[in-house]
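Below: the structure, in structure tokens.
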Amino acid sequence: MKLRITTLAAALAVAVLTAPAEAKTFRYAFQGDLNALDPYTLNETFTLGAMGNVMEGLTKRDKDLKIIPGLAERWEIVEPTRWRFYLRKGVKFHGGEPFTADDVIFSAERALSPESNIKSRIAAGTKVVKVDDHTVEFITTGPNPILHYEWDTWYIFSKAWSEANGATKVQTSSSQLSPFTLKANGTGPFIIESHQPGVKTVFKPNPNWWGKPEHNLTEVIFQTIKSDATRVAALLSGEIDMMDPVPVQDIARVKANASTDVLTGPELRTIFLNMDSLRDELLYSDVKGKNPFKDARVRKAFYQAIDMEAIHSRVMRGNSANSAILISPLLFSRSAEFKRHPYDPDAAKKLLTEAGYPNGFAVEMDCPNDRYVNDEAICQAVVAMLARIGIKAKLNAMPKAKYFEKAGATQKYDSSFNLLGWTPGSFDSHNVLLNLVGCRDGKGSGAFNYGGYCNPKVDEIAGKVLTENDPTKRDELIAQAYRIVHDEAGLIPLHQQTLAWGVSKKVKIVQRADNQILFYWAQKE
Amino acid sequence: MSAEDQGLPMAETSRAATAAPRGILTRIFDSDLWYSFRSSRLVMAAATVTLLMVGAALLAPVIAPHDPYDLRALNLMDSDLPPVWVQGGDPRFLLGTDDQGRDILSTILYGTRSSIAISVLAVLLAIGIGVSLGLVAGYFGGIVDTIIMRIADVKLTFPAILVALLINGIAQTLFKGRLGGAEFWILVLSIGLSFWVQYARTVRGMTLVEKNKEYVQAARLIGLSRAAIMFKHVLPNVLSPVLVIGTINLALAVITEATLSFLGVGLPPTEPSLGTMIQIGNKYLFSGSWWMVAFPGLTLAILVLAVNLLGDWLRDALNPKLR
């Protein structure tokens, strides 16, 4: 007996002594998966955010989204079409490879390769020239004052590592993974220790990071928890320290709990609907030989059939701001000039009749069910509202990995009607005009235009927006473009959702309005 | 989904008990089965509950106060209403509404209908496949038997739900792009194909015994075809255990359907079955909207329990060793 007690005491002592003095493990969960670790595969905020802890761009954005130096120490505009970036010296990738100009050139080529999902980061025709090992020049085809606006999420790959690991080509699909996409090699403050796609990812701090860490974590564990109730339960029980999003119906419950809180704030993402107005015949419809969405009256009928007030109050429970344009009012000063086409089912029916569909038609709607706040519930509500004007919409709700492939470029926009959310990476309207409403050209314009809406006039204005330096004139051009899209209901903007992160009170974390989860600023008690 | 399909297992039960020209009712009331049925209150209660639920489900379009599948009738402003006896309830919705404003009671009626229809059809499919393969394997023996039974063994190593998920995944891809309706048949197919092994094994075992009996040899002697011998003469003699497994499997099929729908691969959210309803309600567990998950969950539990009790009773009643 005595012996046993001694043994027990010894074991206890060993356990206490060997436990790290301050093991600070930060555990967080998201509703969707982290699949491929190749950030050029899926241009999606969550994936980019997770990888932003591991990899870095030439620039970064601070807690208030201001552009700050990243892998580039500083930069200057030598002449309007020639930008020179001075790279940080002595930076090493996690694998030990030194960071040089060759890596930047390699990453630029990789980002512009046909399989890349982030082609729009670097304007077509831009030349990247190595001046010396730590100086790079970007020569653009025309003046481009927002050249580097999205470079905080254009992460730099190591050329040597990519060549050694077969990562020179971008992984095309985020769900079918090649071996290199299970590994990551960046310069960032965290290293990915292990990665099980769709299950769990473990991050460890990078001891050799060039910056000064602002976190006190020793380990970070990410998990996918798809079910809303399970995610809430995990937070309430203290199993995880942070999760996104808190289902709107559970915000009060999480706030009321003594050890947890909800961080809320306006989000920059806009949720909207795309209608395939490009194909001559809809893929998924009972209308054959023509495409009803080519008719602006049909698109407007859809627009006016959707009761956004009901979605705001019932589905979102007040946690959203209805929107008439495709960008958050925080990012465009003249947003208030735009008013949604009013909800009016009778007018919508009339428009459908005028367009030659008095009895409506059938169409399939694709919708993610683990990406945006209540995405599937919004789609269901939309389908029910459309039913009232005679549109028989059939809802296909699916996980985001499948959804982005089907409705996006991977499967050649294989969708007739779908829901998407978008935060312009540059926090500027040009990004919206280029990605969401620009005519698809396969080179970057219209890459996320899931409906294929195309109006050359809008493209022409977008071109002017890019080179216009006067803010007032620039805003006027942007407003013109939005006006055209609004008037012909090219897309149907729905709302900006509210950010709602559930956090343990033991954790302090910075919530940026772009909804990237960056834990290199997190502190845990 | 027709009335005949729904009623089939019941009809078969009675056929097994009768099968002779003498007054059917007399035969039923005179049978041991009826006696055994009458002597257990539990079984009678289970039968009553099952009948009531199947009846209510069948008559859903008539008795349901709303049509939850008619999207035009839904009003989002009616969403998330509690049952009528709770503060804030609306007399139009006895058991409250879900997140889209669907009446829970009506949705349960319609959902039960879908669940039962899918399960019955799936079990029939499984019986069809399993019995045929079992007969063939048992009657022919040799290499045919080995191949079929090894496939069955492999199939047995996977849980039914995994196989159902696999078949579902393949079928979803195949049916991709068809407007409407496919989900129902995909479910029938995936559940049916994942349940056949039990029948095949049972029937094979019994066929091995039966095929050496005199009546089979006699049939062979007068030159009947193999198919005729198997299906006309051997089959009726191996059917009673199939009936028992079928009844018990019915409850399992209901659960599997609910599980598949709960996992999001079942019926679409616009036409919820019991499983889909539980999945939707599950999201609202923490927000206090308990009625969204409680009522469909309760319905599922009662239905499965009742059918299971019936199945258990049938197994005991048809087992001569227990009498």
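The values are calculated or read from the model by the stated rules, or taken from the named source; none is laboratory data. Just so it is clear, the structure is predicted and the values come from calculations on it, not from any experiment. Counting neighbours? That spans all protein chains shown, and the Cβs are built from the backbone with ideal geometry, glycine included.
For the stretch B:178-192, check the following and say yes or no: at least one residue is touching a strand residue (DSSP E or B) at 6+ places or on another chain (Cβ under 8 Å), surrounded by fewer than 19 Cβ atoms within 10 Å (Cβ to Cβ) and within 14 Å of chain A (Cβ to nearest Cβ).
Yes, the stretch B:178-192 contains at least one residue that is touching a strand residue (DSSP E or B) at 6+ places or on another chain (Cβ under 8 Å), surrounded by fewer than 19 Cβ atoms within 10 Å (Cβ to Cβ) and within 14 Å of chain A (Cβ to nearest Cβ).
Residue under question is B:Met77, and the condition is that it be within 27 Å of B:Ala117 (Cβ to Cβ), hydrophobic (A, V, I, L, M, F, W, C) and either at pLDDT 85 or above or not in a helix (DSSP H, G or I) (or both); does it hold?
no
Among the residues of the stretch A:200-223, is any over 30 Å from A:Ile68 (Cβ atoms), among the aliphatic types (A, V, I, L, M) and part of a loop (DSSP other than H, G, I, E, B)?
Within the stretch A:200-223, not a single residue is over 30 Å from A:Ile68 (Cβ atoms), among the aliphatic types (A, V, I, L, M) and part of a loop (DSSP other than H, G, I, E, B).
Kindly provide the set of residues from the stretch B:211-235 that are without any contact (Cβ under 8 Å) to a residue 12 or more places away in the chain and assigned to a helix (DSSP H, G or I), ordered by number.
B:Glu214, B:Gln217, B:Ala218, B:Arg220, B:Leu221, B:Ala227, B:Ala228, B:Lys232 - these are the residues of the stretch B:211-235 that are without any contact (Cβ under 8 Å) to a residue 12 or more places away in the chain and assigned to a helix (DSSP H, G or I).
Name every residue in the stretch A:234-283 that is within 14 Å of chain B (Cβ to nearest Cβ), in contact (Cβ under 8 Å) with a residue 60 or more places away in the chain and among the polar types (S, T, N, Q), in order of residue number.
A:Gln249, A:Thr260, listed by residue number.
When residues of the stretch A:222-233 are filtered for being over 21 Å from the mean Cα position of the chain (by Cα) and either surrounded by fewer than 20 Cβ atoms within 10 Å (Cβ to Cβ) or more than 14 Å from every other protein chain (Cβ to nearest Cβ) (or both), how many remain?
3
What's the number of the only condition in (1) part of a loop (DSSP other than H, G, I, E, B); (2) modelled with pLDDT of 95 or more; (3) within 25 Å of A:Asn449 (Cα to Cα) that A:Ile240 fails to meet?
Single failed check for A:Ile240: (3).
Exactly one of these conditions fails for A:Ile311: (1) within 14 Å of another protein chain (Cβ to nearest Cβ); (2) assigned to a loop (DSSP other than H, G, I, E, B); (3) closer than 25 Å to A:Phe404 by Cβ. Give me its number.
So A:Ile311 meets the others, but not (2).
Conditions first: (1) more than 14 Å from every other protein chain (Cβ to nearest Cβ); (2) of a type in the set (Ser, Thr, Tyr); (3) in contact with a strand residue (DSSP E or B) (Cβ under 7 Å, 6 or more places away or on another chain). A:Ser333 passes all but one, so which condition is the exception?
All conditions are met except number (3).
From (1) touching a strand residue (DSSP E or B) at 6+ places or on another chain (Cβ under 8 Å); (2) more than 8 Å from chain B (Cβ to nearest Cβ), pick out the condition that doesn't hold for A:Asp370.
With (1) touching a strand residue (DSSP E or B) at 6+ places or on another chain (Cβ under 8 Å); (2) more than 8 Å from chain B (Cβ to nearest Cβ) applied to A:Asp370, the lone miss is (1).
Of all residues in the stretch B:72-118, how many are of a type in the set (Ser, Thr, Tyr) and either more than 28 Å from the chain's Cα centre (by Cα) or surrounded by fewer than 17 Cβ atoms within 10 Å (Cβ to Cβ) (or both)?
Restricting attention to the stretch B:72-118, the residues satisfying the condition of being of a type in the set (Ser, Thr, Tyr) are B:79, B:97, B:106-107, B:110, B:112, B:114-115.
Going one step further and asking which of them are either more than 28 Å from the chain's Cα centre (by Cα) or surrounded by fewer than 17 Cβ atoms within 10 Å (Cβ to Cβ) (or both), we end up with B:79.
Qualifying residue count for the region: 1.
Please go through (1) surrounded by fewer than 17 Cβ atoms within 10 Å (Cβ to Cβ); (2) of a type outside the set (D, E, K, R); (3) away from every other protein chain (no Cβ under 14 Å) for A:Tyr357 and return the number of the only condition it doesn't satisfy.
Exception for A:Tyr357: condition (1).
Can you confirm whether A:Ala401 is surrounded by 22 or more Cβ atoms within 10 Å (Cβ to Cβ), of a type in the set (A, V, I, L, M, F, W, C), out of contact with any Gly (no Cβ under 7 Å at 6 or more places or on another chain) and assigned to a helix (DSSP H, G or I)?
For A:Ala401, the condition - surrounded by 22 or more Cβ atoms within 10 Å (Cβ to Cβ), of a type in the set (A, V, I, L, M, F, W, C), out of contact with any Gly (no Cβ under 7 Å at 6 or more places or on another chain) and assigned to a helix (DSSP H, G or I) - is met.
Residue under question is A:Lys406, and the condition is that it be basic (Lys, Arg) and either farther than 25 Å from A:Gly318 by Cα or more than 14 Å from every other protein chain (Cβ to nearest Cβ) (or both); does it hold?
Values: basic (Lys, Arg): yes; either farther than 25 Å from A:Gly318 by Cα or more than 14 Å from every other protein chain (Cβ to nearest Cβ) (or both): yes.
Against the criterion (basic (Lys, Arg) and either farther than 25 Å from A:Gly318 by Cα or more than 14 Å from every other protein chain (Cβ to nearest Cβ) (or both)), A:Lys406 qualifies.
What is the number of the single condition among (1) buried (at least 23 other Cβ atoms within 10 Å of the Cβ); (2) more than 10 Å from chain B (Cβ to nearest Cβ) that A:Cys379 does not meet?
(2)
So, in the stretch A:354-398, exactly how many residues are in contact (Cβ under 8 Å) with a residue 40 or more places away in the chain, in a strand (DSSP E or B) and touching a Cys at 6+ places or on another chain (Cβ under 8 Å)?
Selection size over the stretch A:354-398: 2.
Any residue at all in the stretch A:495-509 that's of a type in the set (Ser, Thr, Tyr), over 24 Å from A:Trp151 (Cα atoms) and more than 17 Å from the chain's Cα centre (by Cα)?
Scanning the stretch A:495-509 turns up at least one residue that is of a type in the set (Ser, Thr, Tyr), over 24 Å from A:Trp151 (Cα atoms) and more than 17 Å from the chain's Cα centre (by Cα).
Among the residues of the stretch A:288-301, is there at least one that is within 14 Å of chain B (Cβ to nearest Cβ) and over 19 Å from A:Asp375 (Cβ atoms)?
Kept after step one, since they are within 14 Å of chain B (Cβ to nearest Cβ), are these residues of the stretch A:288-301: A:288.
Filter once more, keeping what is over 19 Å from A:Asp375 (Cβ atoms): A:288.
Among the residues of the stretch A:288-301, at least one is within 14 Å of chain B (Cβ to nearest Cβ) and over 19 Å from A:Asp375 (Cβ atoms), which makes the answer yes.
If you scan the stretch B:252-285, which residues turn out to be crowded, with 24+ Cβ neighbours inside 10 Å, away from every other protein chain (no Cβ under 11 Å) and not in a helix (DSSP H, G or I)?
Hits for the stretch B:252-285 are B:Gly266, B:Ser273.
State which residue is farthest from the chain's Cα centre (by Cα) when the search covers only the stretch A:319-367 and only residues that are under 27 Å from A:Gln497 (Cα atoms) and among the hydroxyl-bearing types (Ser, Thr, Tyr).
Step by step, filter the stretch A:319-367, then rank; the result is A:Tyr343.
As an exercise: evaluate B:Gly223 against (1) of a type outside the set (A, V, I, L, M, F, W, C); (2) within 14 Å of chain A (Cβ to nearest Cβ); (3) on the phi > 0 side of the Ramachandran plot and give the number of the one condition it does not meet.
The one condition B:Gly223 does not meet is (2).
Any residue in the stretch B:23-46 that is farther than 15 Å from B:Ala317 by Cβ sitting within a Cβ distance under 8 Å of a residue that is surrounded by 11 or more Cβ atoms within 10 Å (Cβ to Cβ) and at pLDDT below 85? List the pairs, counting only those 6 or more apart or interchain.
What qualifies is B:Ile24/B:Ser14; B:Ile24/B:Thr18; B:Arg27/B:Ala17; B:Arg27/B:Thr18.
A quick yes/no check of all residues on (1) aliphatic (A, V, I, L, M); (2) at the interface with another protein chain (Cβ under 10 Å from one of its Cβ atoms):
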residue: B:Pro65; (1), (2): no, no
residue: B:Asn75; (1), (2): no, yes
residue: B:Val86; (1), (2): yes, no
residue: B:Asp90; (1), (2): no, no
residue: B:Leu105; (1), (2): yes, no
residue: B:Ile108; (1), (2): yes, no
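Are there any pairs with C-beta distances below 6 angstrom linking a residue in the stretch A:513-525 that is surrounded by 20 or more Cβ atoms within 10 Å (Cβ to Cβ) to a residue that is among the aromatic types (Phe, Trp, Tyr), with the two at least 6 apart or on different chains, and if so which?
Pairs found: A:Phe519/A:Phe26; A:Ala522/A:Phe26; A:Lys524/A:Phe26.
Can you name the residue in the stretch B:286-303 that is in a helix (DSSP H, G or I) and surrounded by fewer than 19 Cβ atoms within 10 Å (Cβ to Cβ) and is also farthest from the other protein chains (Cβ to nearest Cβ) among such residues?
B:Ile302
Anything in the stretch B:210-234 that is within 33 Å of the chain's Cα centre (by Cα) and charged (D, E, K, R)? List them, or say none.
Matches in the stretch B:210-234: B:Glu210, B:Lys211, B:Arg226, B:Lys232.
Output the residue which, of all residues in the stretch A:151-199 that are of a type in the set (Asp, Glu) and within 17 Å of A:Phe99 (Cβ to Cβ), is farthest from the chain's Cα centre (by Cα).
This residue is A:Glu163.
Restricting attention to helices (runs of 4 or more DSSP H) lying wholly within the stretch B:1-66, give those where 2 or more residues are at pLDDT below 90.
B:3-17, B:24-30, B:32-38
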